[in-house]
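Student: I'd like to ask some things about the structure below.
Read-outs: derived from the displayed coordinates by stated rules, not from any lab. Keep in mind that what you see is a predicted model, and the values were worked out from it rather than measured. Every residue, glycine among them, receives a Cβ derived from its backbone with ideal geometry; neighbour counts consider all protein chains shown.
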Amino acid sequence: MTRIFSGVKPTGHMTLGNYLGAVRRWVEVDQREAEALFSVVDLHALTVEHDPARVRRLSRQAVTVLLAAGIDPELCTLFVQSHVEEHTRLSYLLECTAGDGELRRMIQYREKAGLARESGQGVRLSLLTYPVLMAADILVYGTDEVPVGDDQAQHVELTRDLAIRFNQRYGHTFTVPKATRPPVGARIMDLQDPLSKMGKSHESTAGIVYLLDEPDTVRRKVMRAVTDSGSGVVYDRESAPGVTNLLEILAACRGGDPAELAGTYSSYGTLKKDTAEAVVELVRPVRERHARLAADPGFVDEVVRKGADRARELARPRVDAAYAAIGLLPR
Ligand code: AMP
Ligand code: TRP
């Protein structure tokens, strides 16, 4: 059976990018052929300046949104990362497997460390080591597939390298996983700045569609999306990043091929209108179910409690094996 693992950080409200790039595919996993685990990876939210109360609130909200998106806790394991100590236990062994150079090369580290320094904040050491903890999240479950958006490809590559290296040095312990990406929507861009990824922790929110936005808010944001100065609706990330992003979103919501869709539009206005309606319809059920689930926090708590029990059970034997393999005296 294929083992699947993926996670989302509680650093902001979940976006359309999270949904199209990752979460929607988590819901679509065929549970007869795969065993899946999904996690709100809260430890990763501590790698940048954070507000404790907000992280707590966003963690519960992320679990609720995942349930609302259709993750069925009877069919897969849904849990909060910090509830399962095995992740951090394994992370240390992987720190002893990774080199500092390969972590300093990570694109996200360079970007985020640069921003933190510019704004006069310190760079937390955990921002550098974070991909190692991510590797532990994945390897601890013997994961085969990691459904993520494009921005995580480099981190999953590192995970593969660490698994291979550990196995070569200390004997076969880890499955070597691979990232899987959606055919369309692997990198949704900010509607106001189509050269940047739609990210949940951006300061300006005008170009970010949140999964829980009201329909009118979604419409306003899409209708005000930046388009390109050329004329005509063309699918080309280089010359027309704004329009191309809208075509990607529309194709991801409705199905179809974004390049072909381009040929069916002659004006930006109709493209925006159709895209707005497609997004509204796609996220409507999520928002409605979220409202119902949020009224029952007891249910959410119970889901993550059971999820953590199950995850721990799956993780422990592999971490114990890794501790033995690397040379630590068995307890
Ligand atoms: P994060 O918000 O960084 O925790 O990301 C959770 C998941 O959503 C990861 O698999 C990301 O690759 C994916 N994701 C985040 N932003 C986008 C985006 N703008 N487009 C596509 N996928 C995304
Ligand atoms: N680094 C991922 C992100 O920023 C979140 C994440 C942490 C993750 N651990 C993971 C994703 C394990 C997939 C598998 O989006």
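Student: Which cross-chain or sequence-distant (5 or more) residues have an amide H under 5 Å from the amide H of residue 178, H modelled 1.01 Å from N in plane?
Tutor: HN-HN under 5 Å from residue 178: 145, 146.
Student: To continue, here is another question. With θ set to phi - 60°, apply the Karplus curve 6.51 cos²θ - 1.76 cosθ + 1.60 along region 74-89 and write out the HN-Hα couplings as whole Hz, x wherever there is a Gly or Pro.
Tutor: 7, 9, 9, 10, 10, 8, 9, 3, 5, 7, 10, 4, 4, 4, 6, 4
Student: Give me 166, 38 sorted ascending by neighbouring Cβ count inside 10 Å, so fewest comes first. The partial results should precede the final answer.
Tutor: On the way: 166 23, 38 26.
The order, fewest Cβ neighbours first, is 166, 38.
Student: Ok, one more. Among 5, 299, which comes first, then next, by fewest other beta-carbon atoms within 10 Å?
Tutor: Ascending number of Cβ neighbours within 10 Å: 299, 5.
Student: Listing 9, 197, 221 from the residue with the fewest other Cβ atoms within 10 Å to the one with the most, what is the order?
Tutor: 197, 221, 9
Student: What are the residues whose amide H is under 5 Å from the amide H of residue 15, where those residues sit 5 or more places off or on another chain and H is modelled from the backbone?
Tutor: Close amide H contacts, sequence-distant or interchain: 211.
Student: Which ³J(HN,Hα) values in Hz, rounded to whole numbers, follow from the phi angles of region 41-53 under the Karplus curve 6.51 cos²θ - 1.76 cosθ + 1.60, where θ = phi - 60° and Gly and Pro get x?
Tutor: My calculation for region 41-53 gives 8, 5, 4, 6, 7, 9, 7, 10, 2, 9, 10, x, 5 Hz in order.
Student: Okay, moving on. Below 8 Å, C-alpha to C-alpha, sequence gap of six or more: please give me the relative contact order for the chain in percent.
Tutor: Details: 528 pairs, mean separation 76.3, N = 331.
Contact order relative to length: 23 percent.
Student: Shifting gears a bit: Treating the beta-carbon of each Lys and Arg as +1 and of each Asp and Glu as -1, no other charges, what is the dipole magnitude of region 215-292 about its Cα centre, to the nearest 20 debye? Provide the component values of the computation, followed by the final result.
Tutor: Working: 12 positive and 11 negative charges, 117 e Å.
Here the size comes out at about 560 debye.
Student: A further question on this structure: Under a straight-distance cross-link criterion of Cα-Cα below 27 Å, which lysines are reachable from residue 273, leaving out those fewer than 8 residues away in the same chain?
Tutor: 197, 200, 221
Student: Could you identify which residue out of 93, 37, 125 has the top mean-square fluctuation in a GNM of the chain using Cα springs shorter than 10 Å?
Tutor: Among 93, 37, 125, the largest mean-square fluctuation in the Gaussian network model of the chain belongs to 125.
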